[in-house]
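Worksheet for the structure shown next.
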Amino acid sequence: MAKRRPSGDGMVRKREDGRWEGRIVVGHKENGDSIFRYVYADTQKELTAKLRQNIDAYQGV
């Protein structure tokens, strides 16, 4: 069974082309829809580092 990620850490998945994709919610539109930022990397470790940078950059936006 997959490990559950803490709330606010974003979504991580491996794509069919072998790259890793990460997604975080950076805010919401006036109608309530989420605004996402996507990050891609060749390894899961690289992706985790990129996600952490983006989470820190968009904190409080």
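Remarks
- Between 0 and 90°, nearest 10: helix 44-57 axis offset from the chain longest Cα axis: 20 degrees
- Using C-alpha pairs under 8 Å with a sequence gap of at least 6, the mean separation divided by the residue count of the chain gives a relative contact order of 28 percent.
- Sequence of T43, T48 once ranked by neighbouring C-beta atoms within 10 Å, starting from the fewest: T43, T48
- Reachable lysines from K14, criterion Cα separation under 22 angstrom, eight or more residues apart if same chain: K3, K45, K50
- Size-normalised alpha-carbon gyration radius of the chain, reference 2.2 N^0.38 Å: 1.17
Taken together, the values in this text are just the output of simple stated rules run on the coordinates, not laboratory data. All of these numbers come straight from a predicted model, not from anything done at the bench. A quick note on method: Cβ atoms are made from the backbone with ideal geometry, for glycine too, and the neighbour counts reach across all protein chains shown.
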